[in-house]
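Report on one structure; see the data block that follows.
The values are calculated or read from the model by the stated rules, or taken from the named source; none is laboratory data. For clarity, every value in this text was computed on a predicted model and none was experimentally measured. Note that we place each Cβ from the backbone using ideal geometry, even for glycine, and neighbour counts take in every protein chain shown.
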Amino acid sequence: MSLIRIVCCVAREPVFVGHRVFRYRYSLFQRENRFRSMDNRVSRVTTQQLAGRRRSDHTYSYVKGRAKYGASAAYSSLLRDSKFPQHCAKINTLTMPESKPFERLPKSVVPKHYDLQIKPDLKTFIFEGQETVKVEVTEATDKIILNSLDLDIRSVKYTSSDGNIFRPLNSSISVENETLTLSFGEPIPVGEGSLEFHFTGELKDKMKGFYRSKYVSPDGEERYAGVTQFEATDARRCFPCWDEPAIKATFDITLVVPQSKTALSNMVSKAHKADSGLRVVKFETTPIMSTYLVALIVGEYDYVEDKSNDGVLVRVYTPVGKREQGRFALHVATKVLPYYKDYFQIAYPLPKIDLIAIADFSGVSALSWQFNFVGAMENWGLITYRETCLLVDPKNTSTIQKQWIALTEWWTHLWLNEGYASFVEFLCVAYLFPEYDIWTQFVADSYIPALELDCLNNSHPIEVPVGHPSEIDEIFDDISYSKGASVIRMLHKYIGDEDFRKGMNLYLTRHQYKNTFTEDLWSALEEASNKPVRAVMSTWTKLKGFPVVKVTSEQVGNDRKLVIAQQKFCADGSSDSNGCLWMIPVMFSTSRKPDEVVHYTVLETRSSEVTLKNIAPQEWVKLNPGTVGFYRTQYPPEMLAQFVTAIREKSLPPLDRLGLLDDLFAMVQAGHTPTVEVLKLLEAFSNEDNFTVWSTINNCIGKLSILLSHTDYDDLFKAYVRRLMQGVASHLGWDPRPSESHLDKLLRPLVIGRLGRFGDESIIAEAQKRFEVHVSGKALIPADLRSPVYRTVLSVGDESTYNTMLKLYREDDLHEEKNRISQAFGAIRDEAILKKVLQFALSDEVRSQDSAHVIASVAVNKHGRRLAWNFFKENWRELMNRYPSGFLLARLVKHTTENFASEEDAEEVEAFFRDHPSPGTERTVQQSCESIRLNAAWLRRDREATREYLRSGK
């Protein structure tokens, strides 16, 4: 997750927490409020729940429907009865894994305030807890049900407001439901009271709950810190609680720690006292908040600090001895807070914000650049990060890594969530770092991946029904983050920045400290803009997939008459049998005004006519300028041909160049256009010099390379790419030029890396020469070039090269450098060495959070593809134990399976997971098998024609 994003979110306590547009959540289906989230979030998933003990008829029929037909069908039946537009109701019938039954906690007893004391022992890995929860009993009950998991409850008592003490006759734990039921044998009266617990727990190494994180001290000693990761449903692993985000309370937190340790929590400390060689640290009372936002840290850290210009104390905590590596994050943090205060007219409400780098961390990243799946967790006032997502070493951190650190989330979860926050973080980076050209990068890194996933039959709407909390993690995908952000970007363009700001301020000030519904945001933005926001956005959040807008053109005198028509875009090229319709803001630009929107309309019917005045026959007309609308555009050949000269001359803006190419490539993948046509268009980019356009070209090249690796002529394709990239390689060279742009710094490693992997002899020779000097210590390779050099050298290296690189890995203590080296191992071609790499991935030398990245790097290599898949199968149980939360496991499943290209492989993958159930990966398996079959169909269609074109050497 990104730095700027986290700071953008602590303005008010979570009005966005219940916002299903930006995060998947549990939805309480009730007769009077059938589709509203009620903010009982357990994670990034919308889930059907039972409304307490007494279910309405609608809820009951939903449960029966789910049992008989599956969750999707039941959800669809509810949707048909809803007030949503009828064309939205047809699409939520996707096949999904059987949902597990789930009931939310009863509301007969609700917490108001937690007084929590935790005493961790970082040698025995046991923590002791004392807790007093002030509660309100809303109806007399003889049972109290709350969440608890992996805790040993030593004693419990309830004290009513009149002083009567109730002790439970029986306490039972449901491991499956993760609940603790206290049965008192007599009714507890209505009114206020307090529930007291004494308990112990274990600091495990699973990166969830209150867990231990291993690090090495400056003198080489192996030590541990105690850290927390409570999102989505793991506060219950640290203390008994009502662990649903709608059930909020205030918290007084106390940590009992050794004198030498740093103790941190959400608020500033207010009191310290010594007690038998220990330090008792009490923290100020938190504002009302959800349990998943509580954070505790006990360990050894240095820090740097500063204040924002509006007086907020910002500290960046680093491993001991690495204080200076926190300076860049500190600089960004102090600039971000005032920006959001000005933009939303709401100030950060806490006196401090701490950012801390954690060695072992499993938070979820909005930015899945390369294989970096995890990044940060935006606890209120205390943001936890992976080290690589926070620390900058001036000599060893690459430009691209530093950029993503600038994009790290800050205070998202309180009133901004996932897709929305992904958009807003880019908004802030564009302001703070205009040289990044970040919106162009957004299209390549967020918008395009979302389109690629969302066109699969096994995609899902932004709002998707899921049953049990265990099913949540598989929805950590490009729909939850990137599609949400892309749709908000489209909305922002549609209503304009000024009205967007006004609407957001209305929304935030009206709903502070409240649970909100999606419709509340749309209403505020609609009120501010006077545009039909609710009607437009409902189609984009409730429908699976997206449309393709097909355009035809006719010259009528001096005018251009266009006919635009929409239908659902499907990856397999099939027609949409459901007849979905979106309300699509469609904008147009022309060759005379390439950077301006000359006309816009909202396409809400199947087709429509648009006439543009005074457009000469030779002028091009482009839909979706700036690649803002979340849809594909399909042009007829004559319209497409008009863009070729504009691409060569770069008179078409970069966002439009890359959007045009990506749309055509999607048509190729779906079988609407031959592969040869995209190869021809790529040749128009031979003079291209924009990093983000090349990122899109590189994405297309990568997909074609994987596909053609299943043929006997992939060397012809590599030769084609080497010719295509010679111009940009010559322009850039190996060494930075004085005052070159930020984007050129990013482009150089991309070009060198691709040419090195594709066998360019001059690149390989130079990489080997520089690597030899680097190893000798005479001259270090610049951080930006290390990854492409390492991969290039390893791709033509032998066991000696591998051992040299392994030695570098073992000697370095910078996490970013270790990641660079370990992921470069996947470029090796020797299968015997690749087997060693896979064993290395699960060794003690690689942190659990990084093992998946190493295995994935082997899987994307054609020489390692089958090895990685077999390794996954052989080590399935170990991987299940290592990644119990499912998220990293799901990503590993994706990378080890999706690049095959035969029906036999698809059937093998399906059979394996049928016999080896892997909770949290079901949808990923479906998507991977669909991708395998799409690859196979693509090869069948275009194998021979592509061979002939490449053989001709054109």
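Can you name every residue in the stretch 125-146 that is outside any strand (DSSP E or B) and over 35 Å from the mean Cα position of the chain (by Cα)? Don't jump to the end; show me each part of the working.
Narrowing the stretch 125-146 to residues outside any strand (DSSP E or B): 125, 138-140.
Selection gives T138, E139, A140.
Quickly run through the stretch 825-882 and pick out the residues that are within 22 Å of L704 (Cα to Cα), touching a residue at least 40 places away in the same chain (Cβ under 8 Å) and among the aliphatic types (A, V, I, L, M).
Listed by number, the residues that qualify are A827, I855, A856, A859, V860.
Would it be correct to say that D342 is out of contact with any Gly (no Cβ under 6 Å at 6 or more places or on another chain) and modelled with pLDDT under 85?
no
Of all residues in the stretch 318-341, count the ones that are free of Cβ contacts under 8 Å to residues at least 60 places away in the same chain and within 24 Å of the chain's Cα centre (by Cα).
Residues that pass the stated criteria total 1.
Mind checking whether some residue in the stretch 905-919 is more than 25 Å from D830 (Cα to Cα) and touching a residue at least 60 places away in the same chain (Cβ under 8 Å)?
Within the stretch 905-919 (the criterion being more than 25 Å from D830 (Cα to Cα) and touching a residue at least 60 places away in the same chain (Cβ under 8 Å)), the answer is yes, since at least one residue qualifies.
State which residue pairs qualify: first residue at positive phi and inside the stretch 529-548, second residue crowded, with 21+ Cβ neighbours inside 10 Å and of a type in the set (K, R) in any location, beta carbons under 9 Å apart, and separation of 6 or more residues or different chains.
Here the result reads G545/K568, each pair linking the stretch 529-548 to a residue that is crowded, with 21+ Cβ neighbours inside 10 Å and of a type in the set (K, R).
Starting from residues that are over 18 Å from D715 (Cβ atoms) and among the β-branched types (V, I, T), keep the ones in the stretch 923-954 and report whichever is modelled with the lowest pLDDT.
Within the stretch 923-954, the match that is modelled with the lowest pLDDT is T924.
Check off (1) at pLDDT 95 or above; (2) part of a loop (DSSP other than H, G, I, E, B) for D219 and give me the number that stays unchecked.
Here D219 meets the rest and fails (1).
Take the residues in the stretch 259-286 that are part of a strand (DSSP E or B) and surrounded by fewer than 15 Cβ atoms within 10 Å (Cβ to Cβ), then tell me which one is modelled with the highest pLDDT.
For the stretch 259-286, the residue satisfying everything is K270.
From the list V728, V693, V668, which one is farther than 25 Å from Q634 by Cβ and surrounded by 19 or more Cβ atoms within 10 Å (Cβ to Cβ)?
Unique residue meeting the criteria: V728.
Out of everything in the stretch 560-603 that is in contact with a helix residue (DSSP H, G or I) (Cβ under 6 Å, 6 or more places away or on another chain) and farther than 30 Å from R940 by Cα, what residue ends up being surrounded by the fewest Cβ atoms within 10 Å (Cβ to Cβ)?
It comes out as M583.
Kindly provide the set of residues from the stretch 630-641 that are surrounded by fewer than 16 Cβ atoms within 10 Å (Cβ to Cβ) and either in contact with a Ser or Thr (Cβ under 7 Å, 6 or more places away or on another chain) or assigned to a loop (DSSP other than H, G, I, E, B) (or both), ordered by number.
Within the stretch 630-641, just P636 meets the criteria.
Could you check, for the stretch 193-203, whether at least one of its residues is loosely packed, with under 15 Cβ neighbours inside 10 Å and either assigned to a loop (DSSP other than H, G, I, E, B) or under 35 Å from the mean Cα position of the chain (by Cα) (or both)?
Scanning the stretch 193-203 turns up at least one residue that is loosely packed, with under 15 Cβ neighbours inside 10 Å and either assigned to a loop (DSSP other than H, G, I, E, B) or under 35 Å from the mean Cα position of the chain (by Cα) (or both).
Residue by residue, here is whether (1) touching an Asp or Glu at 6+ places or on another chain (Cβ under 6 Å); (2) part of a loop (DSSP other than H, G, I, E, B); (3) among the β-branched types (V, I, T); (4) surrounded by fewer than 18 Cβ atoms within 10 Å (Cβ to Cβ) holds:
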| position | (1), (2), (3), (4) |
| --- | --- |
| Y292 | yes, no, no, no |
| V298 | no, no, yes, no |
| Y303 | no, no, no, yes |
| N309 | no, yes, no, yes |
| V314 | yes, no, yes, no |
| A329 | no, no, no, no |
| P338 | yes, no, no, yes |
| D342 | no, no, no, yes |
| P349 | no, yes, no, yes |
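Residue by residue through the stretch 604-629, note down the ones that are surrounded by fewer than 20 Cβ atoms within 10 Å (Cβ to Cβ) and either of a type in the set (D, E, K, R) or not in a loop (DSSP other than H, G, I, E, B) (or both).
Listed by number, the residues that qualify are E604, R606, S607, S608, E609, V610, T611, L612, K613, E619.
Could you check, for the stretch 239-258, whether at least one of its residues is at pLDDT below 95, part of a loop (DSSP other than H, G, I, E, B) and touching an Asp or Glu at 6+ places or on another chain (Cβ under 7 Å)?
Scanning the stretch 239-258, I find at least one residue that is at pLDDT below 95, part of a loop (DSSP other than H, G, I, E, B) and touching an Asp or Glu at 6+ places or on another chain (Cβ under 7 Å), so the answer is yes.
Of all residues in the stretch 204-214, which are part of a strand (DSSP E or B), in contact with a helix residue (DSSP H, G or I) (Cβ under 9 Å, 6 or more places away or on another chain) and crowded, with 16+ Cβ neighbours inside 10 Å?
From the stretch 204-214, those part of a strand (DSSP E or B) are 204, 209-214; that's our starting set.
Adding the requirement that they be in contact with a helix residue (DSSP H, G or I) (Cβ under 9 Å, 6 or more places away or on another chain) leaves 204, 209-211.
Listed by number, the residues that qualify are G209, F210, Y211.
Can you pull out every residue in the stretch 155-182 that is surrounded by 14 or more Cβ atoms within 10 Å (Cβ to Cβ), in contact with a Lys or Arg (Cβ under 9 Å, 6 or more places away or on another chain) and not aromatic (F, W, Y)?
Hits for the stretch 155-182 are V156, K157, P168, E178, T179, L180, T181, L182.
Across the stretch 806-837, what is the total count of residues that are within 20 Å of L780 (Cβ to Cβ) and β-branched (V, I, T)?
Total satisfying the criteria: 1.
Would you point out the residue of the stretch 795-824, among those that are touching a residue at least 12 places away in the same chain (Cβ under 8 Å) and in a loop (DSSP other than H, G, I, E, B), that is surrounded by the most Cβ atoms within 10 Å (Cβ to Cβ)?
G797
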